[in-house]
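Here's the structure, in structure tokens; my notes come after.
The values are calculated or read from the model by the stated rules, or taken from the named source; none is laboratory data. In this text, all values refer to a predicted model and were calculated from it rather than measured experimentally. Ideal geometry is used to build each Cβ from the backbone, glycine not excepted, and the neighbour counts take in all protein chains shown.
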Amino acid sequence: MKKSLAIALALAFAFGYAGMAAAGDAANGESLWASKKCKNCHNMDAKKKVGPGLAGITKKRSAEWLTKWLLDPDGVFASDDAETAAMKKDNGVEAAKKTKMKIAKLSEGEVADLMAYIAANGG
């Protein structure tokens, strides 16, 4: 019984922490949006700039996929999993060998903050 309780508490703590980390800080995300130059290539609406507009992106793609994408766009582009194939089709880049997205290395915390900012602004 004690072992089960300990496991349950450990899981609750782990999932609670992961949930808090995934929530992100939209204010910091706004700062990152500018400093990492995301705004140079993307709009928050559906209008394409250099890259696609991000309107509704947090509803269109899973948080897991978006996190992987922001951490390693080249690796995810090459993986060609189902979500990546859908993104390529949506953006008309099925035949492309690699992504044109260039982003400075981000930590998982920075990704969570960026995603919070994007989600709060229509993404």
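Which one of the conditions (1) of a type in the set (A, V, I, L, M); (2) modelled with pLDDT of 90 or more; (3) closer than 16 Å to M115 by Cα does V76 fail to meet, given that it meets all the rest? Exception for V76: condition (3). Just to be sure before I move on: is A112 in contact (Cβ under 8 Å) with a residue 12 or more places away in the chain, within 15 Å of H42 (Cβ to Cβ) and either part of a loop (DSSP other than H, G, I, E, B) or not polar (S, T, N, Q) (or both) in the structure I sent? In short, no. When we screen A34, A22, A27 for residues that are modelled with pLDDT of 95 or more, assigned to a helix (DSSP H, G or I) and either basic (K, R) or closer than 20 Å to G122 by Cα (or both), the only hit is A27. Residues in region 52-80 that are over 15 Å from the mean Cα position of the chain (by Cα) and either of a type in the set (K, R) or under 15 Å from K100 (Cβ atoms) (or both): 1 in all. Take the residues of region 48-101 that are part of a loop (DSSP other than H, G, I, E, B) and among the basic types (K, R): which is farthest from A120 (Cα to Cα)? The extreme case among them is K97. Among A104, A46, which is surrounded by fewer than 18 Cβ atoms within 10 Å (Cβ to Cβ), of a type outside the set (S, T, Y) and out of contact with any helix residue (DSSP H, G or I) (no Cβ under 9 Å at 6 or more places or on another chain)? Result of the check over A104, A46: A46. Of all residues in region 27-37, those satisfying the criterion of being over 15 Å from S107 (Cα atoms) and surrounded by 13 or more Cβ atoms within 10 Å (Cβ to Cβ) are E30, K37. When region 30-67 is filtered for residues that are among the small types (G, A, S), free of Cβ contacts under 8 Å to residues at least 12 places away in the same chain and out of contact with any Asp or Glu (no Cβ under 9 Å at 6 or more places or on another chain), the ones remaining, listed by number, are A34, S35, A46.
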